[in-house]
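The values are calculated or read from the model by the stated rules, or taken from the named source; none is laboratory data. Since the structure is predicted, the reported quantities are computational estimates derived from the model, not experimental observations. Quick reminder, even Gly has a Cβ in these numbers, built from the backbone with ideal geometry, and neighbours come from all protein chains shown. Heads up: the accessible areas ignore ligands, DNA and RNA and are worked out on the full protein's heavy atoms, side chains in. Shrake-Rupley method; radii C 1.70, N 1.55, O 1.52, S 1.80 Å.
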Amino acid sequence: MDKIALLWPNRLKNYERLHLEGVCVFENVGGLNVEPIVRRLPQEGFHAVVCTGGIELEVRRLISLPIYVVTSGYIDVLESFQTLESEYRLINKQIALLVHKNNFLQLSRLRPYVNNYIELFTFSGSEEAKRILQQIISRNFDAVLTGPTGLVYAEETGIPAYPLCYSEESALDSVKQVKSLLELNRKEILQMKRIQSAVDVSPDAIISTDGEGVVNLCNKRACDILHLSQDQVLNHPVTQIMQDPSWSVVYSKGIAQRSKLVKIGQENYFSTRLPIVQDEQIIGSVCTLQEVEQIRTMESKFRSLQSRGLTARYQFDDIIGSSPAMRTAISHARIFAETEFTVLLEGETGTGKELFAQSIHNASPRKKGPFVAINCAALPEALLESELMGYEDGAFTGAKKGGKTGLFEMAHGGTIFLDEINQMPLPLQSKLLRVIQERSVMRIGGNRMIPVDVRIIAAANEDLLKKVTAKQFRSDLYYRINIMRLRLPPLRERKEDIPLLTSAFAAHNEGVDTKSLDNLLAEMNQYNWPGNIRELQNFVWRSIALLTHNVTLEPEFFLEYIPSKEDVPSEKDISKKISVPLGTLAEMECSIVAQMIQRCGGNQSQAARILDVSRNTISNKLNRMSI
């Protein structure tokens, strides 16, 4: 509660009207008795003072509390003259009106209502009041109408003096105004404390100035950098504190200074200084300071995340394609990105599954978290489990000292992308199912569950439901990940996108005439691109390499076989009987694999699907054939 001291120059007739909460009235206070009263106000917990102009300077000299000065109004002065005329019978006399200069009165407004000759005298201090009283006496005035300070000095000189009355209405109005000002001041202080608390938690140094360049706000970090206290920074010129006169153009001319290198002590900082503009007027400036070494550390950390594959580079805008099939896929993917559900991407090799996965992550609420990708077909079962789940120190022979954090833990707060999940071994599928259900992992060799908050995006390059039917993929895991299913169309179903894709792949080779490449692609319209976008990309890059050397492009330079419409085999035709020479079982298996890959146009995933084996099996057979 605010406690207000009302220092009044006379007695209040209706004292009870001022019995407001927190108000203490001191009557008959003048320049000669004000000091002992005022000195004890701070100790007694007062928050503000209301007084008349005659004692204002003395009150300000004694205390630093907020002061509201009451001036004499016309009603107060007229009522005082009425008292002189009715009670003291002073009519047709020369009356001196002696008031403090803070009282703005015009005699022309008073004289029509007063039955005396009056003249106005103002003073600013006690000594001046004494001197003016001598002038009044020398001019033979009959009486003086004045406040408590003038009354005391008039009594010493012997001239008749009468008190200038201040009404209860003036006192009441003054107290109400002070209460309103204190409330506004309290709100302003609270707001400043909130702003100060906000800037104090910032890791960067923040300094703000007014339009004259005087510091009006700084946080703790700024004080630490400058090796100064807040009292040494606030209310001081910023150019003096920073020892940098160039700052003045920011708050004087509105010129922004971005990423300016400054040296404070032995350290280097990047300083950004911006003008604060309100109603098209520059009212100040604000500056942030960042340590050069801190920025280097952050950059190093970001590069480390990138090098470990923990960031997603692509956005939906990076996906090229205007065909209806692609527009539908992108539209659905944007909707899926807004959810927290698991996404299953199905599509042949080279259709852009990882591009979609990264775009979904970057459009999701988890975009600021890590993006961790792993190809489930690229690692043996034992190694894949240790990569996904991590392991403890000494979990197995060859384990890294101190253990290793698994990819699920590394993806905490973000997204994990399980590419080619269709190739994940069955034993590991059950462990993955547990992670999805429990939202926690147990490291190999560990004895505790580690909570993880991750979103899973899975991708498969073959029909997972067929693998479930063939008991090569767990049905319970399939239905766990098959929530937001998205099929990515192969290139043969969106051939209208080929010109766009070709232009994008050739864009980094400016100056190369790609007209012959466009003509060649038109001739090859019947080609179905079994390797999809990746095959088209390789085709374009090989073509560009030859075009830069003025080589005429022919289809046979790039593709072993371009089938006609009649020659395009169906999957049923591909899987017809295969004849192999008699030999060992291993030799016959390799021959079958080789022929099937040839029938599939080099598409190993399609060959694996037809032969009902994993892609790893196909790769292993090919490796044996090359030995």
Item to check | GLN94 versus ARG327: modelled label distance in nm, points set 7 Å from Cα along the beta carbon direction | outcome: 10.1
Checklist entry - In what sequence, highest mean first, do 390-399, 2-11 appear when ranked by Cβ atoms within 10 angstrom? => result 2-11, 390-399
Checklist outcome for this item: Sorted on mean Cβ neighbours within 10 Å (highest first), peptides 177-186, 359-368 come out as 359-368, 177-186
Checklist entry - Hey, if you put +1 on the Cβ of every Lys and Arg and -1 on every Asp and Glu Cβ in segment 364-407, which of ALA382, THR397, PRO370 ends up farthest toward the positive end of that dipole? => result PRO370
Checklist entry - What list of ³J(HN,Hα) values in whole Hz, one per residue of segment 495-506 in order, does the Karplus curve 6.51 cos²θ - 1.76 cosθ + 1.60 (θ = phi - 60°) give from phi, with Gly and Pro shown as x? => result 5, 5, 8, 4, x, 5, 5, 4, 4, 5, 6, 8
Checklist entry - Pairing the Cα long axis of helix 426-438 with the longest principal axis of the chain, what angle in degrees results, from 0 to 90 and rounded to the nearest 10? => result 20
Item to check | Value of relative contact order over the chain, rounded to a whole percent, pairs C-alpha under 8 Å and six or more apart | outcome: 8
Checklist entry - What residues have an amide H closer than 5 Å to that of ILE118, excluding those fewer than 5 places away on the same chain, when H is modeled at 1.01 Å from N in the peptide plane? => result ILE95
Next on the checklist: Give me the dipole magnitude in Debye, nearest 20, for segment 464-511 about the Cα centre, with unit charges on the beta carbon: positive for Lys and Arg, negative for Asp and Glu.
Outcome noted: 560
Checklist entry - What order do GLU212, GLU79 take when sorted by accessible area (1.4 Å probe), most exposed first? => result GLU212, GLU79
Checklist entry - Dipole of the chain, Cα-centred, from +1 at each Lys and Arg C-beta and -1 at each Asp and Glu C-beta, to the nearest 20 debye? => result 1340
Next on the checklist: Given 37 °C and 0.692 mPa s, compute D for segment 84-175 with the Stokes-Einstein relation, Rh being the Kirkwood radius over Cα pairs; round to the nearest whole µm²/s.
Outcome noted: 237
Next on the checklist: Let me check against my output: what whole-number percent is the relative contact order of segment 111-228, with C-alpha pairs under 8 Å and at least 6 apart?
Outcome noted: 12
Checklist entry - Of all DSSP beta bridges located in the chain, what percent are antiparallel, nearest 5? => result 40
Checklist entry - Taking amide hydrogens as modeled 1.01 Å from N in the peptide plane, which residues meet the under 5 Å criterion relative to THR52, leaving out close sequence neighbours? => result VAL70
Checklist entry - With all protein chains present, how much of the accessible area of the chain (probe radius 1.4 Å) comes from carbon and sulfur, to the nearest whole percent? => result 50
Item to check | Value of relative contact order over segment 374-504, rounded to a whole percent, pairs C-alpha under 8 Å and six or more apart | outcome: 25
Checklist entry - Rolling a 1.4 angstrom probe over the protein heavy atoms, how many square angstrom per residue are accessible across the chain? => result 54
Item to check | Per-peptide average of other Cβ atoms within 10 Å, ordering 28-34, 378-384 highest first | outcome: 28-34, 378-384
Checklist entry - Can you give the accessible area of ASP204, probe radius 1.4 Å, in Å² rounded to 10? => result 30
Checklist entry - Tell me, what HN-Hα J-couplings in whole Hz come from the Karplus equation 6.51 cos²θ - 1.76 cosθ + 1.60 at θ = phi - 60° for each residue of segment 231-245, using x for Gly and Pro? => result 5, 7, 9, 5, 6, 10, x, 5, 5, 6, 5, 7, 6, 9, x
Checklist outcome for this item: Farthest towards the positive end of the dipole of the chain, among VAL233, PHE141, GLN177 and with Cβ unit charges of +1 on Lys and Arg and -1 on Asp and Glu, lies the Cα of VAL233
Checklist outcome for this item: Ranking THR311, GLN358, ILE335 by how far each Cα lies towards the positive end of the charge dipole of segment 305-365 (+1 on Lys and Arg Cβ, -1 on Asp and Glu Cβ), the top one is THR311
Item to check | Above-threshold pairs, the threshold being 28 Å between Cα atoms, out of LYS368/LYS400; LYS367/LYS401; LYS466/LYS621 | outcome: LYS368/LYS400; LYS367/LYS401
Checklist entry - Between segment 330-365 and segment 484-507, what is the C-alpha centre distance in whole Å? => result 16
Next on the checklist: What are the equivalent ellipsoid semi-axes of segment 430-500, built from the alpha-carbon gyration tensor (square roots of five times its eigenvalues), in whole angstrom, biggest first?
Outcome noted: 33, 16, 10
Item to check | CYS165 long-range amide H proximity, modeled H, under 5 Å | outcome: SER80
Checklist outcome for this item: Diffusion coefficient in µm²/s returned for segment 408-456 by Stokes-Einstein, Kirkwood Rh over C-alpha pairs, 25 °C and 0.890 mPa s, is 214
Item to check | Over segment 1-119: Kirkwood hydrodynamic radius from C-alpha pairwise inverse distances, Å | outcome: 16.0
Next on the checklist: How tilted is helix 148-157 with respect to the longest principal axis of the chain? Cα atoms for both, answer in degrees (0 to 90, nearest 10).
Outcome noted: 30
Checklist entry - What FRET efficiency, computed as 1/(1 + (r/R0)^6) with R0 = 30 Å and r the Cβ-Cβ distance, is obtained for GLU438 and ARG334, rounded to the nearest 0.05? => result 0.50
Checklist entry - Which angle between 0 and 90 degrees, to the nearest 10, do you get for helix 168-200 versus the longest principal axis of the chain when only C-alpha atoms count? => result 30
Checklist outcome for this item: Its Cα gyration tensor gives segment 214-299 an equivalent ellipsoid whose semi-axes in whole Å, largest first, are 22, 17, 11
Checklist outcome for this item: The alpha-carbon pair-distance distribution computed for the chain, with 10 angstrom bins and whole-percent values, is 3, 11, 13, 13, 12, 10, 8, 7, 7, 7, 6, 3, 1, 0, 0
Checklist outcome for this item: For segment 250-262, Karplus-derived ³J(HN,Hα) couplings (6.51, -1.76, 1.60; θ = phi - 60°; whole Hz; x for glycine and proline) come out as 6, 8, 9, 10, x, 8, 7, 10, 10, 6, 7, 7, 10
